[in-house]
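Enquirer: Mind having a look at this structure? Questions to follow.
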Amino acid sequence: VLGNYYSDLLKTAPPELNRQLRAEKLGYLLDQNPTQGLKEFELQREEVDNTHDYDYEELLWSELRDHLNLFGKTAYTICDERGMWLRRHSLFSKAEKHYRQMLTLFREEHVNTWMTLGFMLMRQGELQGAEHAFVNCEQLIEESDYEALAYLENNLGQLAYAKGQWG
């Protein structure tokens, strides 16, 4: 019944209201079937790829973000993929905000999130912000995690090079 109501309303709603209703419909779908809702989110985000209506993607994301607890361990992957999507579309300020939100949501993934945030900031020329992210990351890496340490050292070397401190 609710689906029919929304379908009828979407046909006559002005564009701004239409976007809002479609996002809310996604929220209802996520309530009923999270897996199907995630697929619908991805389909609608493909539409955003064509329309470049990034505010609509933000509406969709707000619905999905409210349902992340339904996805268990894959919630981090969902968020990480959105961060990559934002970077691919050169939405770097939104990506930075997104990664900072991830730091509050996924404490067990702080190293990866700080590393990604630092690398993105470095690529954008925000060297002080990148250095801050890498310092935070460095404090969290276990001494026995050689892979993470090597990745961090590589990033710190690139940062020093970008600052002109290393030729």
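The values are calculated or read from the model by the stated rules, or taken from the named source; none is laboratory data. Because the structure is a prediction, the values reported are computed rather than measured. Virtual Cβ from ideal backbone geometry, glycine too; neighbours counted across all protein chains shown. Note: accessible area is taken over every heavy atom of the protein model, side chains too, but ligands, DNA and RNA are not part of it. Shrake-Rupley method; radii C 1.70, N 1.55, O 1.52, S 1.80 Å.
Enquirer: Filter the helices (runs of 4 or more DSSP H) completely within the stretch 79-167 down to those with at least 2 residues that are charged (D, E, K, R).
Expert: 92-105, 127-140, 146-162
Enquirer: Do we have Arg107 as open to solvent by 20 Å² or more (accessible area, probe 1.4 Å) and free of Cβ contacts under 8 Å to residues at least 40 places away in the same chain here?
Expert: Working: open to solvent by 20 Å² or more (accessible area, probe 1.4 Å): yes; free of Cβ contacts under 8 Å to residues at least 40 places away in the same chain: yes.
Against the criterion (open to solvent by 20 Å² or more (accessible area, probe 1.4 Å) and free of Cβ contacts under 8 Å to residues at least 40 places away in the same chain), Arg107 qualifies.
Enquirer: List every residue pair whose Cβ atoms lie under 6 Å apart, where the two residues are 6 or more positions apart in sequence or sit on different chains, the first residue falls within the stretch 142-162 and is free of Cβ contacts under 8 Å to residues at least 12 places away in the same chain and under 20 Å from Met122 (Cα atoms), and the second residue, located anywhere, is exposed (fewer than 13 other Cβ atoms within 10 Å of the Cβ) and of a type outside the set (Gly, Ala, Ser).
Expert: Going by the 6 Å Cβ cut-off, the qualifying pairs are Ala160/Trp166.
Enquirer: In the stretch 25-66, how many residues are in a loop (DSSP other than H, G, I, E, B) and either farther than 28 Å from Glu108 by Cα or among the basic types (Lys, Arg) (or both)? Break it down into steps so the answer makes sense when it comes.
Expert: Quick first cut of the stretch 25-66, residues in a loop (DSSP other than H, G, I, E, B) only: 33, 52-53, 66.
Pick out the ones that are also either farther than 28 Å from Glu108 by Cα or among the basic types (Lys, Arg) (or both) and you get 52-53.
Count: 2.
Enquirer: For the stretch 67-78, which residues satisfy the criterion of being touching a Pro at 6+ places or on another chain (Cβ under 7 Å) and either part of a loop (DSSP other than H, G, I, E, B) or surrounded by fewer than 16 Cβ atoms within 10 Å (Cβ to Cβ) (or both)? Step through it out loud before you land on a result.
Expert: Step one: list which residues in the stretch 67-78 are touching a Pro at 6+ places or on another chain (Cβ under 7 Å), which gives 67, 70-71.
His67 - this is the single residue of the stretch 67-78 that is touching a Pro at 6+ places or on another chain (Cβ under 7 Å) and either part of a loop (DSSP other than H, G, I, E, B) or surrounded by fewer than 16 Cβ atoms within 10 Å (Cβ to Cβ) (or both).
Enquirer: Check off (1) modelled with pLDDT of 95 or more; (2) open to solvent by less than 30 Å² (accessible area, probe 1.4 Å); (3) not aromatic (Phe, Trp, Tyr) for Glu42 and give me the number that stays unchecked.
Expert: It is condition (2) that Glu42 fails.
Enquirer: In the stretch 79-99, which residues are under 19 Å from Asn155 (Cα atoms) and surrounded by fewer than 17 Cβ atoms within 10 Å (Cβ to Cβ)?
Expert: Met84, Phe92
Enquirer: If I filter the stretch 72-96 down to residues being β-branched (Val, Ile, Thr) and free of Cβ contacts under 8 Å to residues at least 40 places away in the same chain, which single residue comes out as nearest to His52 (Cα to Cα)?
Expert: Restricting attention to the stretch 72-96, the residues satisfying the condition of being β-branched (Val, Ile, Thr) are 74, 77-78.
Retained after the next criterion (residues that are free of Cβ contacts under 8 Å to residues at least 40 places away in the same chain): 74, 77.
Values: Thr74: 27, Thr77: 23 Å.
Taking the candidates together, the pick is Thr77.
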